[in-house]
Every structure is written in C-alpha cells, then in structure tokens.
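Everything below concerns the one structure shown next.
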C-alpha cells in the first residue's frame with residue numbers, strides 16, 4: 001500500500017506560512033524552510049515588542065514630564081509626590097501630552113501642586 005502524505009493538509013500548512021511571508025525578499029518569501037524561520041522570528045519579535053512598546057512610551061512620558069517640571073523649578077519625583085498629596089489623579093500620558101503641547105497649562109498644574 002502506498003504511503004499516504006495527506007497532501008491537502010500539508011499544502012494548506014505551507015500556503016499559510018508562505019502567505020504570512022508575503023513581502024519578504026528572495027528565498028524568505030519563496031522557500032518554505034526559510035519562510036517558516038523568518039515568519040516565526042517575526043511573530044516572536046512582534047509579541048515581544050508589543051510589550052516593549054509600553055515600556056518605551058512610559059519612559060518617554062517620564063522624560064517629557066521631568067523636562068517640563070525642571071523648567072518650572074521642580075523635580076519629577078517631587079512633582080509626582082505633590083500630585084499624590086493633593087489627590088490629583090492624572091496619568092503620565094496626559095501629563096506628558098500637556099507638557100509637550102501646552103506648557104502654560106502644565107505650569108498651572110505645577111503651581112497649583114506647589115502651593
């Protein structure tokens with residue numbers, strides 16, 4: 001009896017990988033082994049970097065808030081401590097956006113926190 005290879009299923013598996021490798025250059029797009037390795041590495045990077053992006057944005061927000069605070073004569077840690085003492089619940093994304101786009105409003109927040 002001849003060996004059964006389940007051709008439809010294996011073709012479907014290969015087509016799925018090659019479809020995911022669309023846009024790659026050379027053998028990475030056409031050869032199943034190279035495409036499989038590249039796609040799996042790409043998916044790994046995408047998974048890891050979705051988490052890394054959150055860290056990087058938080059670091060950027062902190063840097064922006066710190067720079068704006070220092071322009072107003074306050075350190076970042078002192079500013080956040082004062083915010084918590086006053087009971088103002090503002091997240092870093094909003095504060096960084098204010099610091100970058102509307103320095104006067106941020107200065108008002110700093111002055112209200114200081115007094």
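The values are calculated or read from the model by the stated rules, or taken from the named source; none is laboratory data. Note that this is a predicted model, so its numbers are computed, not measured. Glycine gets a Cβ as well: all are built from the backbone with ideal geometry, and neighbour counts include every protein chain shown.
List the helices (runs of 4 or more DSSP H) inside segment 15-91, counting only whole elements, that have at least 3 residues being within 26 Å of the chain's Cα centre (by Cα).
Numbers: elements: 27-30, 32-71, 76-86.
Helices (runs of 4 or more DSSP H) meeting the threshold: 32-71, 76-86.
Answer yes or no as to whether residue 107 is modelled with pLDDT of 95 or more and over 18 Å from residue 57 (Cα atoms).
Numbers: modelled with pLDDT of 95 or more: yes; over 18 Å from residue 57 (Cα atoms): yes.
Against the criterion (modelled with pLDDT of 95 or more and over 18 Å from residue 57 (Cα atoms)), residue 107 qualifies.
Being touching a helix residue (DSSP H, G or I) at 6+ places or on another chain (Cβ under 9 Å), closer than 21 Å to residue 54 by Cβ and modelled with pLDDT of 95 or more narrows it down to one of 71, 95, so name that one. Break it down stepwise before answering.
Working: 71 fails: closer than 21 Å to residue 54 by Cβ.
95 is the lone residue from the list that is touching a helix residue (DSSP H, G or I) at 6+ places or on another chain (Cβ under 9 Å), closer than 21 Å to residue 54 by Cβ and modelled with pLDDT of 95 or more.
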**Study point:** Pair list, Cβ under 6 Å, 6 or more apart: segment 40-59 residue on the phi < 0 side of the Ramachandran plot, other residue part of a helix (DSSP H, G or I) and modelled with pLDDT of 95 or more
**Key:** none
Check your understanding: In segment 1-25, which residues are at positive phi and in contact with a helix residue (DSSP H, G or I) (Cβ under 8 Å, 6 or more places away or on another chain)?
Key -> 23
